[in-house]
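To start, the structure under review is shown below, and the notes come after it.
The values are calculated or read from the model by the stated rules, or taken from the named source; none is laboratory data. What you see is a predicted model; the values in this text were computed from it and never measured. Ideal geometry is used to build each Cβ from the backbone, glycine not excepted, and the neighbour counts take in all protein chains shown. Heavy atoms of the whole protein, side chains included, go into the accessibility calculation; ligands, DNA and RNA do not. Shrake-Rupley method; radii C 1.70, N 1.55, O 1.52, S 1.80 Å.
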Amino acid sequence: DVQMTQSLSYLAASPGESVSISCKASKSISNYLAWYQQKPGEAYKLLIYSGSTLQSGTPSRFSGSGSGTDFTLTIRSLEPEDFGLYYCQQYYEKPLTFGSGTKLEIK
Amino acid sequence: EVQLQESGPGLVKPSQSLSLTCSVTGYSITSNYWGWIRKFPGNKMEWMGYISYSGSTSYNPSLKSRISITRDTSKNQFFLQLNSVTTEDTATYYCARGRWFAYWGQGTLVTVSS
């Protein structure tokens with residue numbers, strides 16, 4: 001299985017700051033990577049797919065980069081509503097696998 | 001608008017089977033892929049498997065022969081059955097569309113306990 005590692009389990013930042021969340025794959029997955037946001041009581045939200053393509057409705061302050069094994073989700077100019085759990089997921093091969101999640105708290 | 005909704009028992013006894021239904025509106029399940037994902041206490045996520053637009057299935061090998069995903073196209077629903085459950089199957093279960101998941105249900109908590 002492709003192991004997805006999110007090295008930061010917790011991150012706190014203030015509104016207006018920029019943050020980056022990293023995700024590392026145990027083997028090359030090309031750009032077959034998606035990013036999700038989960039908030040309590042809400043459905044998961046797909047933010048980015050194909051490593052860097054914004055899903056319709058995702059604010060432009062979100063961006064994704066990377067290819068191969070190393071990927072980054074960047075949120076520029078944080079908004080209070082950006083708190084939540086962020087996961088990466090690879091769909092290069094089955095079984096599809098997720099990172100362990102990064103909890104973003106807004107100070 | 002595509003919407004998915006899970007339903008099923010919230011409590012299952014050990015060794016029994018867990019059965020969930022995902023009802024889909026706004027999109028036909030004869031297109032795309034339709035899967036089940038679970039989130040364990042502690043936030044670990046596991047993809048369980050999916051059923052394709054043609055009815056073929058793919059499962060996570062970690063679930064071995066315990067899992068079955070089926071569908072009823074006339075009702076636009078698909079189903080999860082997980083056999084021989086243990087307390088380690090306690091999780092929130094989600095249905096979702098695709099291989100990267102643009103649409104998710106709200107999730108349903110299933111507790112395995114006697």
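Worth pointing out:
- The accessible-area loss of the range A:67-94 on complex formation, taken against its chain alone with a 1.4 Å probe, reaches 40 Å² or more at A:Tyr87, A:Tyr91, A:Lys94.
- Computed on chain B, with alpha-carbon pairs under 8 angstrom and 6+ residues apart, the relative contact order is 37 percent.
- Too-long pairs where the Cα-Cα distance tops 31 Å, listed order kept, from A:Lys94/B:Lys75; A:Lys27/A:Lys107; A:Lys27/B:Lys64; A:Lys45/B:Lys75; A:Lys24/A:Lys107: A:Lys27/A:Lys107
- For the pair A and B, total buried accessible area rounded to nearest 100 Å², probe 1.4 Å: 1600
- Residues losing 30 Å² or more accessible surface upon assembly, the range B:67-107, compared with the chain by itself, 1.4 Å: B:Tyr94, B:Arg99, B:Trp100, B:Phe101, B:Ala102, B:Trp104, B:Gln106
- Average other protein chain Cβ within 10 Å of Cβ, residues B:44-55: 3
- Whole-percent carbon and sulfur share, accessible surface of the range B:1-46, 1.4 Å: 48
- Taking amide H as placed 1.01 Å from N in the peptide plane, the amide H of A:Thr69 sits under 5 Å from that of A:Ile29, each at least 5 places away or on another chain.
- Close amide H contacts of A:Thr97 (hydrogens built in the peptide plane, cut-off under 5 Å, sequence separation of 5 or more or a different chain): A:Gln90.
- Couplings for the range B:85-92, taken from phi via the Karplus curve 6.51 cos²θ - 1.76 cosθ + 1.60 with θ = phi - 60°, read 6, 10, 4, 6, 8, 5, 5, 8 Hz in order; Gly and Pro are left as x.
- Distance between the pseudo-spin-label points of A:Ser30 and B:Thr70 (7 Å out from Cα toward the beta carbon): 3.5 nm.
- Between the amide H of A:Leu47 and those of A:Trp35, A:Tyr36, A:Gln37, distances stay under 5 Å, these residues lying 5 or more places away or on another chain, with hydrogens modeled in the peptide plane.
- Accessible area in square angstrom per residue, the protein assembly as shown, 1.4 angstrom probe: 45
- HN-Hα J in Hz across the range A:93-107 - Karplus 6.51, -1.76, 1.60, θ = phi - 60°, x for Gly and Pro: 8, 8, x, 4, 9, 10, x, 7, x, 10, 8, 9, 10, 8, 5
- A:Tyr10/B:Gln3 FRET efficiency (R0 30 Å; Cβ-Cβ; nearest 0.05): 0.40
- The equivalent ellipsoid that matches the C-alpha gyration tensor of the protein assembly as shown spans semi-axes of 29, 19, 17 angstrom, in descending order.
- Portion, in percent, of the accessible area of chain A that falls on carbon or sulfur, probe 1.4 Å: 46
- Residue with peak Gaussian network fluctuation, chain A [Cα springs, cutoff 10 Å], from A:Glu17, A:Glu42, A:Glu79: A:Glu42
- Working note: Cα atoms of chain A, range along each principal axis, descending, whole Å: 36, 25, 25.
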